[in-house]
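Below is one structure, written out as structure tokens; comments come after it.
Values quoted throughout were computed directly from the atomic coordinates according to the rules given, and no laboratory measurement underlies them. These figures come from a predicted structure and were not determined experimentally. Cβ placement follows ideal geometry from the backbone for every residue including glycine, while neighbour counts extend to all protein chains displayed.
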Ligand SMILES: Cc1cc2nc3c(=O)[nH]c(=O)nc-3n(C[C@H](O)[C@H](O)[C@H](O)COP(=O)(O)OP(=O)(O)OC[C@H]3O[C@@H](n4cnc5c(N)ncnc54)[C@H](O)[C@@H]3O)c2cc1C
Ligand SMILES: Cc1cc2nc3c(=O)[nH]c(=O)nc-3n(C[C@H](O)[C@H](O)[C@H](O)COP(=O)(O)OP(=O)(O)OC[C@H]3O[C@@H](n4cnc5c(N)ncnc54)[C@H](O)[C@@H]3O)c2cc1C
């Protein structure tokens, strides 16, 4: 496995540079500036401690490989991606799972990150424990920063128990009726006409909720619902093949809306952050996380 | 509030009175004394003018005047912080949020409540009773501490083990930045685009601006709760039980450990039914749907018995459950009766090393001839060694300080971190470079500077500054109704 030192050397301290993961969201935030050096993050699971519910892993590791490893011990991480997505890419994009309402957001997953900054120096954000308020939370800043503030080499992630089973149901119930039938459903998605519910947990509990939902007209789906990527900042109700998450307000859709504006104050604050972390703009040039 | 009787009034005071009202601004000696401390061991703070705004516009006025007069400002909630976060240095304007205590709006369907920052944590929980929803973070100080303080310190509580600490429960924030502009961070409708500014503001310890309106996410009340009381004749067995519960895929809602000293102090008046001859008592709570709950109760019971638990008691009803928790919750009050002073530590270690580190904590206390009591959030490895002592005895404070440094050192050596929930404030600044390199701290400073380029909002805190303000000194009274 590539060491942090090798990763740091590849990044150097002067050229325009970007990390490529699985390339599944490669053009998110705008095209990469021409002539940018592209590097890969270290790959592989370094240390998995199920009893601590943490795993240390190279950011270049495929998310699916990691989830497979964890699921052997009935755990998982609350990140989402496609089959080629990497851990680092999922963090940089900040992809929460469609099960966010139950299992938490992507930003809660990253506990510690070994990174390389724009000055070509290595630094550590966060700490290796599941609870930590020591200093400023640079990990949260890195998640969804699209690799524009620092490049992520090795990470420690929070794992969680993987539910025994999960079931998708669909029907025409409204959210209130669904809420009456089940406790903390993992997903309640709406496509403009139908509602799709994902319930998960211990088998016996899920079975009972399934029966309740079937009694009120929902039907079990024979395979998992295919969900496009989450589009941050999107609130549109014209779903056009996408889904609105009725619990969180998130929109999942294939058509990314690049016209979403953040407020002037948020933009000003974000520009200052970028300027302070990467004064010459060499990290992932061309990409805008907002 | 006392009206100023002085002949020449500070022009800043006059401007603040004009901006707010005479009865909500003071620089009187008594108020300055009260607002120079929080619940930490830090003495030596110096408050300037103290003001009590009631809404965002008034906070903007206070912050604008701080800019105009080139003064620092410190935001203060209830002052229950244990790291000196709201202790003022350099006569700053102290912005007290206790009059900003409106619960602005509760949206049951969206499970969001907008509150002002001075709302007391428990007041929100009480307000929500009967709605089927609650605000999950339940710091032990919840009868007194404010939601603004919870946000600033990213506070935890016994029930944050499964549900996550404050940061996981904040959807959006309205913030007055140190330059007095107002910004909304985060979003209540889906995840916000761009850098996670909401996420980094939470836990910023008041150094990134003032939270003036907070959208908290509400959590559904669980349909079923089981509370277990496990007692052990060795604390190491209790610690091992904690590790194994987690390793077996059970993440309880709460997993709290009390050692023999705590049990002895608590039981006589809490009458929670804790066995007085136990070396350690573990409270485990699991919640959710009935089958899952009984499954997890089974796993916990088996693990505890295999690790030598003498008894596993499951609360038969709500009354018994409340009694078990009452003992835990009154720990602080009970301990305070043993010695006049206390110093509560707050490091985190990997759960697997609990047993070994606790043994070392006892040794440290013994070496320094101090009494230590352990009552803590064992499930996430968050140690709370509580040193109780009498500061009037010469030389004691030095010993307490020394013992504290050793506790921090052994926690870091075990692969832990400086703080699990109390924050760094003034208390642990000097240890920051033991956990972080200079470059790590530079990254943190880059974030801070982005929010506060002029270093106006609660400066001198969190990052080692070289400048000192306040001393670890004698200790305060315990705020009423709080527990550790
Ligand atoms: C349920 C679900 C939800 C999803 N939510 C979203 C979403 O909210 N928004 C969205 O656009 N996509 C979303 N996706 C897609 C998903 O986030 C991406 O497919 C994926 O995780 C990106 O990984 P990758 O390795 O392919 O990254 P790449 O496409 O290789 O890279 C993506 C970006 O991240 C940067 N990057 C990659 N690795 C690193 C690193 N180690 N350090 C620093 N920067 C790095 C790259 O430079 C690039 O800018 C979702 C997918 C699913 C299934
Ligand atoms: C006995 C006892 C038990 C405790 N138990 C726990 C526990 O279980 N878990 C836990 O996490 N903590 C605990 N604490 C610590 C403390 O209660 C928490 O940190 C609490 O959240 C502080 O709230 P407060 O309103 O008292 O804030 P303060 O002490 O007034 O301020 C704390 C920090 O927040 C900043 N601040 C306050 N309001 C705002 C605002 N509106 N905007 C920006 N910054 C602001 C201040 O500047 C300061 O840095 C305990 C304290 C005591 C005394």
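For chain B, report the % of Cα-Cα distances exceeding 32 Å.
Value for chain B (Cα pairs over 32 Å): 41 percent.
If you find the alpha carbon centre of region B:76-95 and of region A:1-48, how far apart are they in angstrom?
Using only Cα atoms, the two centres lie 43 Å from each other.
So what's the angle, to the nearest 10 degrees on a 0 to 90 scale, between helix A:203-215 and the longest Cα principal axis of chain A?
Approximately 60 degrees, to the nearest ten.
Nearest 0.05, what FRET efficiency do residue A:256 and residue A:219 give at R0 = 25 Å with Cβ-Cβ as r?
Once rounded, the FRET efficiency stands at 0.20.
Normalise the Cα radius of gyration of region B:84-127 by 2.2 N^0.38 Å (N = residues in it) and let me know the number.
Region B:84-127 yields a ratio of 1.53.
If each residue's Cβ is checked for other Cβ atoms within 10 Å, how do B:469, B:51 rank with the fewest at the top?
Ranking B:469, B:51 by Cβ neighbours within 10 Å, fewest first, gives B:469, B:51.
What's the percent breakdown of Cα-Cα distances in region B:320-393 across 5 Å bins, shortest bin first?
The calculated distribution, bin by bin, is 3, 14, 23, 22, 19, 13, 5, 1, 0.
FRET efficiency for residue A:288 and residue A:191, Cβ-Cβ distance as r, R0 = 25 Å, nearest 0.05?
Calculated value: 0.30.
What average count of beta carbons from other chains do you get within 10 Å of the Cβ of residues in A:273-282?
Mean inter-chain Cβ contacts per residue within 10 Å come to 3.
Using the alpha carbon gyration tensor of the protein assembly as shown, what are the three equivalent-ellipsoid semi-axes (square root of 5 times each eigenvalue), largest first, in whole Å?
Result for the protein assembly as shown: semi-axes of 37, 34, 27 Å.
Between the alpha-carbon centers of region B:338-358 and region A:176-223, tell me the distance in whole angstrom.
Their Cα centres are 43 Å away from one another.
Based on the Cα atoms of region A:137-290, what semi-axes does the equivalent ellipsoid have, where each is the square root of 5 times one gyration tensor eigenvalue, given in whole Å with the largest first?
Whole-Å semi-axes of the equivalent ellipsoid: 38, 20, 12.
What is the Rg over Rh value, at two decimals, for region B:11-96, using alpha-carbon atoms and the Kirkwood definition of Rh?
So for region B:11-96, dividing Rg by the Kirkwood Rh gives 0.95.
Between residue B:277 and residue A:203, how many nm apart are label points set 7 Å from Cα along the C-beta direction?
4.3
Evaluate peptide B:177-189: per residue, the Cβ atoms of other protein chains within 10 Å of its Cβ; return the mean as an integer.
Per-residue shielding by partner chains comes out at 3.
Stretched out fully, how many nm does the piece from residue A:264 to residue A:84 gain, at 0.36 nm a residue minus the Cα gap?
61.2 nm
Normalised by the number of residues in region B:338-413, what is the relative contact order in percent for Cα pairs under 8 Å and 6+ residues apart?
Relative contact order here is 41 percent.
Mind giving me the FRET efficiency for residue A:236 and residue B:108? R0 is 22 Å, r the Cβ-Cβ distance, nearest 0.05 is fine.
0.35
Give or take rounding to whole Å, what are the principal axis extents of the alpha carbon atoms in chain A, in descending order?
Answer, in whole Å and largest first: 63, 44, 32 Å.
Give the average, rounded to an integer, of partner chain Cβ atoms located within 10 angstrom of each Cβ in A:122-128.
For this peptide, the per-residue mean of nearby foreign Cβ atoms is 6.
Relative to the longest principal axis of the C-alpha atoms of chain A, give the angle of the C-alpha long axis of helix A:63-72, reported between 0 and 90° and rounded to the nearest 10°.
Around 60 degrees separate the two axes.
Quick check on chain B: helices-only [θ] at 222 nm, where DSSP H runs of length 4 and up contribute -39,500 (n - 2.57) each and the sum goes over total residues. Nearest 500, please.
-10000 deg cm²/dmol
How much length, in nm to one decimal, is gained on full extension between residue B:393 and residue B:413, taken as 0.36 nm per residue of separation minus their Cα-Cα distance?
4.1 nm
How do A:219, A:134 rank when sorted from fewest to most other Cβ atoms within 10 Å of their own Cβ?
Fewest to most other Cβ atoms nearby, the residues stand as A:219, A:134.
Specify whether the C-alpha gyration tensor of region B:224-329 places it in the rounded, prolate or oblate class, a ≥ b ≥ c being the square roots of the eigenvalues: rounded for a/c under 1.5, otherwise prolate if a/b is larger than b/c and oblate if not.
oblate
Quote the convex hull volume per residue of region B:103-220, based on C-alpha atoms, as a whole number of Å³.
So the per-residue hull volume is 98 Å³.
Once both labels are modelled 7 Å past Cα along the beta-carbon direction, what's the residue B:299-residue A:27 spacing in nm?
4.5
Starting from the Cα of residue B:71, move 7 Å in the Cα-to-Cβ direction to define the label point; list residues of region B:9-36 whose amide nitrogen is under 13 Å from there.
Those under the cut-off are B:9-20, B:25-28, B:32.
Neighbour counts of other C-beta atoms within 10 Å: give me B:240, B:22, A:164 arranged from fewest to most.
Ascending Cβ contact count within 10 Å gives the list B:22, A:164, B:240.
What's the angle, to the nearest 10 degrees (0 to 90), between helix B:354-367's Cα axis and the longest principal axis of chain B?
70
Taking Rh as the Kirkwood radius computed over C-alpha pairs, what is the Stokes-Einstein D of region B:180-284 at 37 °C in a medium of viscosity 0.692 mPa s, expressed in µm² per second?
Here the translational diffusion coefficient equals 183 µm²/s.
Step by step: find N for region A:165-252, compute 2.2 N^0.38 Å, then divide the Cα radius of gyration by it. What's the final number?
Rg over 2.2 N^0.38 Å, computed on Cα atoms: 1.05.
Kirkwood hydrodynamic radius, computed over distinct alpha-carbon pairs, for region A:4-161: how many Å, to one decimal?
15.5
Sticking with the crude label model, points 7 Å out along Cα→Cβ, report the distance from residue B:129 to residue B:320 in nm, one decimal please.
2.3
In cubic angstrom, how much convex hull volume per residue do the alpha carbon atoms of region A:206-290 span?
173
So for region B:11-96, averaging the separation of alpha carbon pairs under 8 Å that are six or more residues apart and normalising by length, what relative contact order in percent results?
Once divided by the residue count of region B:11-96, the mean separation gives 37 percent.
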